[in-house]
Amino acid sequence: MKITIEQVEYVAKLARLKLTQEEKELFTQQLNKVLEYMEKLNELDTSGIEPTFHVVPHKNAFRDDKVTNPNQREELLKNAPKTKEGFFRVPRVI
Amino acid sequence: MKEILELTIEDLKRAYLRGDLDPVELTELFLKWIKRIDRKIGAFLTLDEEGAIEQAKAAKRRLENDEPGLLVGVPLAIKDNICTRGLLTTCASKILYNFVPPYDATVVEKLKAQGAIILGKTNMDEFAMGSSTENSAFKITRNPWDLERVPGGSSGGSAAALASRECVVALGSDTGGSIRQPASFCGVVGLKPTYGRVSRFGLVAFASSLDQIGPMAKNVKDCALLLEVIAGHDPRDSTSLPIPFEEFTKCLEEDPSGLRVGIPKEYFIPGLDEEIRKSLQEAFEVLEDLGLELKEISLPHTEYAVATYYIICTSEASSNLARYDGVRYGLREEREDLLEMYLETRSKGFGPEVKRRIMLGTFSLSAGYYDAYYKKASQVRTLIKRDFEEAFRVCDLIITPTSPTPAFKIGEKIDDPLQMYLSDIFTIPANLAGLPALSLPCGFTRDGLPIGMQLIGRPCDEGTLLKVGYAFQKLTDFHLRRPPLLDEELKGL
């Protein structure tokens, strides 16, 4: 066992997912199978190998700090489920 | 109608300039055909009839004013994870069921600037996570060569649309094979460009260090032309490569003889379908006739690619998909409490495969597991990249099967995530190493299912792949065959 149902519950909490009991059980079983397969990587000695996070060597890509977009507030808010006075509206937090 | 549906970009342009064809008439014809055939295929999520006719009228004006553009009057389809201004873009997810982008992706701007006609948006696995398009929250897409089979994925809608001649060219996206595998399953051509060749601005992010938008077409020449239009540096994508414009169509006619082709022995394993093995052997003979020099090479870390990929892509996805919280766009499950709203929204909005990947990625990145999973995978990624660097010292391109099997049956792998993941085994390494890779048809099984061959190139060397693919298509006719279903349907029209 690589991962227990309790761990699945914890990871779901981190990922902001609410899982049903059925999903928890299924994911525990499926993730175990996948993680078991991933054990394969331990056959390789990777000590001293630089990790590759990106294939092209990147430095920061800077551009001039100029405004290029027009104000699209209204258009952007059109996609929002709830708005008020030009803002996104969420349930009360305090 | 039959002949018109087969027209290439070049044919279309010639017909327009001669005045034999009109973009509006052509668009109407394609829309009529889509309405007929797509009831059986299910390639499109959104059909934009009004917009397409508008764009066709604009194309007509461009022709009249003698300023056509490279894609004037070319009807095309776009995968539904690429933003189109004013046109629904859902990623085949419930969480974005109503999202209308307020801007065009850079690639879409480029298509429009060249006079293209956007017919609509194509089906895909939700957030491009899958290899069969079965993970779409909205519909099943069927393989035009056999309606019981999947079109591949995640760009299954674009590939099926091409195979059923619902468009002339299409855009897909490829994170671990999502352009090439469906192209091979549907008997069409698909190219994953070098990472950074095509702007990702406006592509809904799945795994940012792997995602690339790429062209899909019925033949290599159209594919090259579409790449020419969409490639190029974009200041709005910080990972976009600052390389000069290349006329990919110009290099097609160059003689490929003398090029050295590496055949990696790790790709011709016992699990490989025998008919695919045979078809590749025959393709190698064609390549030898063309004067290419074939040699066996080794990519020793190939067997670790799937595990590496599924750690890296899920980790990046878990971070990228954190943005779907029901606040700024898409689905919201209304609750009194903010945290409850997040939880309910995400749980209702994401499908099972997306949840599974978010879970796996969150786990790989979580405290105590990061070194064993994410970091380890990123180190193995270095080894896989080095394999290719070594190989390209002795060869100019690498040829492999695109997929270990032809199109599988709908439902066959959907309950077994690991089996589904393993179907990407031959396409994943090119994404991990950021290399360009082209899939093109190289045969058919006895049951009439298409077989695809993959050409992998050095970074930024799409030109060589297209040149070899083009020469191959001059000597073969696999790309000219069409699903028998089309002729039956055409009779009924």
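The values are calculated or read from the model by the stated rules, or taken from the named source; none is laboratory data. A quick note: this is a predicted structure, and the numbers were derived from the prediction, not measured. Note that each Cβ is placed from the backbone with ideal geometry, even for glycine, and that neighbours are counted across all protein chains shown.
What the table below lists for this structure:
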| item | result |
| --- | --- |
| Number of the exception - A:V90 against (1) part of a loop (DSSP other than H, G, I, E, B); (2) more than 8 Å from chain B (Cβ to nearest Cβ) | (2) |
| B:I384, sole failed condition from (1) within 10 Å of chain A (Cβ to nearest Cβ); (2) over 24 Å from the mean Cα position of the chain (by Cα); (3) of a type in the set (V, I, T) | (2) |
| Among the residues listed as B:G196, B:G190, B:G176, the single one being touching a residue at least 60 places away in the same chain (Cβ under 8 Å), in the same structural domain as B:M420 (by TED's automatic domain parsing) and farther than 15 Å from B:E462 by Cα | B:G176 |
| B:G452 in the same structural domain as B:V198 (by TED's automatic domain parsing), surrounded by fewer than 24 Cβ atoms within 10 Å (Cβ to Cβ) and not basic (K, R) | no |
| Selection count, segment B:100-139, where residues are within 14 Å of chain A (Cβ to nearest Cβ) and surrounded by fewer than 20 Cβ atoms within 10 Å (Cβ to Cβ) | 4 |
| Pairs, first buried (at least 18 other Cβ atoms within 10 Å of the Cβ) in segment B:402-423, second assigned to a helix (DSSP H, G or I) and of a type in the set (K, R), C-beta under 7 Å, six or more apart | B:T402/B:R180; B:P417/B:R356 |
| Some residue of segment B:362-373 being more than 27 Å from the chain's Cα centre (by Cα), surrounded by fewer than 17 Cβ atoms within 10 Å (Cβ to Cβ) and among the charged types (D, E, K, R) | yes |
| In segment B:257-273, the residues that are touching a residue at least 60 places away in the same chain (Cβ under 8 Å) and either within 21 Å of B:R197 (Cβ to Cβ) or in a helix (DSSP H, G or I) (or both) | B:L259, B:Y267 |
| Residue, farthest from the other protein chains (Cβ to nearest Cβ), within segment B:289-317, restricted to residues that are among the hydrophobic types (A, V, I, L, M, F, W, C) and not in a helix (DSSP H, G or I) | B:L290 |
| Residue identified as within 20 Å of B:N143 (Cα to Cα), of a type outside the set (S, T, N, Q) and touching a strand residue (DSSP E or B) at 6+ places or on another chain (Cβ under 7 Å) among B:L449, B:L485 | B:L449 |
| Selected residue (only one of B:I297, B:I312, B:I243, B:I276 is among the hydrophobic types (A, V, I, L, M, F, W, C) and either surrounded by fewer than 17 Cβ atoms within 10 Å (Cβ to Cβ) or without any contact (Cβ under 8 Å) to a residue 40 or more places away in the chain (or both)) | B:I243 |
| Residue check for B:S184: in contact with a helix residue (DSSP H, G or I) (Cβ under 7 Å, 6 or more places away or on another chain) and touching a residue at least 12 places away in the same chain (Cβ under 8 Å) | no |
| Complete set of residues in segment A:10-47 that are surrounded by 15 or more Cβ atoms within 10 Å (Cβ to Cβ), more than 9 Å from chain B (Cβ to nearest Cβ) and not basic (K, R) | A:T28, A:N32 |
| Among the candidates B:I34, B:I4, B:I53, residue that is in contact (Cβ under 8 Å) with a residue 40 or more places away in the chain and in a helix (DSSP H, G or I) | B:I34 |
| In segment B:397-445, residue farthest from the chain's Cα centre (by Cα) [restricted to those that are aromatic (F, W, Y) and away from chain A (no Cβ under 12 Å)] | B:F444 |
| Residues of segment B:318-337 satisfying the condition of being in a loop (DSSP other than H, G, I, E, B), facing another protein chain (nearest Cβ under 8 Å) and surrounded by 15 or more Cβ atoms within 10 Å (Cβ to Cβ) | B:D325, B:G326, B:V327, B:R328, B:Y329, B:G330, B:L331, B:R332, B:R335 |
| Filter result for B:T239 (hydroxyl-bearing (S, T, Y) and under 10 Å from the mean Cα position of the chain (by Cα)) | no |
| Members of segment B:338-372 that are assigned to a helix (DSSP H, G or I), hydroxyl-bearing (S, T, Y) and more than 7 Å from every other protein chain (Cβ to nearest Cβ) | B:T345, B:S364 |
